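Chemist: Structure in C-alpha cells, see below.
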Amino acid sequence: QKEVEQDPGPLSVPEGAIVSLNCTYSNSAFQYFMWYRQYSRKGPELLMYTYSSGNKEDGRFTAQVDKSSKYISLFIRDSQPSDSATYLCAMANFGNEKLTFGTGTRLTIIP
Amino acid sequence: ETGVTQSPTHLIKTRGQQVTLRCSSQSGHNTVSWYQQALGQGPQFIFQYYREEENGRGNFPPRFSGLQFPNYSSELNVNALELDDSALYLCASSLGDSPTDTGELFFGEGSRLTVL
C-alpha cells in the first residue's frame with residue numbers, strides 16, 4: 001500500500017465549475033500537507049500549505065485537512081482554463097527532510 | 001520564476017553509461033533536494049543536502065550520488081544507467097533545514113533523462 005493515494009484522473013470539468021481533488025494517506029506521522037500544481041514540462045509550484053486539521057483559503061483555492069480520517073482535499077472555485085494542470089498532494093513529517101507525493105491528478109477545464 | 005535552474009533540459013543516454021545533472025539555486029538557499037518523477041507518477045525523494053552534507057536519503061541505490069557546492073549549485077550523478085532511470089529529475093531548494101521549516105520548496109523545471 002502506498003503511503004499517499006491520489007486518483008490520477010484524468011478529470012475534465014466545464015469552466016466555472018467547482019473542482020474537488022482528494023488524497024488519502026496511511027502514515028499518521030504526517031503533519032504537514034501541501035498541494036502543488038504542475039503544468040506540462042514545468043516543475044511543481046506550491047499552491048497551498050497547511051499543518052493542522054481544518055480549512056485554509058487562498059483566493060479561489062481552499063485546502064481541507066481531516067487528520068482523523070487521514071484525508072485531504074483541494075477545492076477550486078470558479079475554475080478557469082488556466083487551472084488545467086496536474087495537481088499533486090504532498091506530505092511531510094515534522095522536521096522530516098523529504099516530501100511524499102501522491103501520483104497527481106490531471107485536471108482539464110473546458111472553456 | 002523560482003530562481004532554480006537545471007541543466008541540461010533533455011538528454012539521452014544508453015544503458016550502462018553515467019550522467020551528471022546540474023542545478024543552480026537561489027542565493028541563501030542552503031538546502032537542496034533531488035526528486036525523480038517517472039511518467040505519470042509523483043516525484044520520489046532521492047536525497048537532500050544541507051550546507052554540502054547529505055541530510056537524508058530516499059530508497060535509491062548508491063549509484064545515485066550527489067554533491068552540493070558553496071556557490072548554491074549542486075549535482076546529481078547516476079552511474080550504470082538502467083532503463084528504469086528514464087524520468088524527469090527535479091531539483092528543489094529551500095531556505096531551512098527541511099521543507100517544513102519554510103513551507104516552500106522551489107522547484108526547477110527538471111532534466112528529462114531518457115535511457116535507451
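Derivation of every value follows stated rules applied to the coordinates shown; laboratory data play no part. If you're wondering where the values come from, they're calculated on a predicted model, not measured in any experiment. We place every Cβ from the backbone using ideal geometry, glycine too, and count neighbours over all the protein chains shown.
Chemist: In the protein assembly as shown, how does Rg compare with the Kirkwood Rh, expressed as the Rg/Rh ratio over alpha carbon atoms?
Modeler: Here Rg/Rh amounts to 0.97.
Chemist: Lys and Arg at +1, Asp and Glu at -1: add these up for the other residues within a Cβ distance under 12 Å of residue B:83 and post the number.
Modeler: Every neighbour counted, the sum reads -1.
Chemist: What are the ³J(HN,Hα) couplings of the stretch B:64-79, residue after residue, when phi is run through the Karplus curve with 6.51, -1.76, 1.60 and θ = phi - 60°? Round to Hz, x for glycine and proline.
Modeler: 8, 9, x, 9, 10, 10, x, 8, 6, 9, 8, 9, 10, 10, 10, 9
Chemist: Name the cysteines of the protein assembly as shown that stand alone by the Cβ rule: no other cysteine Cβ under 4.7 angstrom.
Modeler: Isolated Cys, the protein assembly as shown: none found.
Chemist: Another one. With contacts defined as alpha carbon pairs under 8 Å and 6 or more residues apart, what's the relative contact order of chain A in percent?
Modeler: Dividing the mean separation by the residue count of chain A yields 38 percent.
Chemist: Could you compute Rg(Cα) / (2.2 N^0.38 Å) for chain B, with N its residue count?
Modeler: Expressed relative to 2.2 N^0.38 Å, the Cα Rg reads 0.99.
Chemist: Summing +1 for each Lys or Arg and -1 for each Asp or Glu, what net charge is found among the other residues whose Cβ lies under 15 Å from the Cβ of residue A:40?
Modeler: +2
Chemist: Moving to a separate point now. Given a cut-off of under 8 Å on Cα pairs at least six residues apart, what relative contact order in percent is computed for chain B?
Modeler: 37 percent
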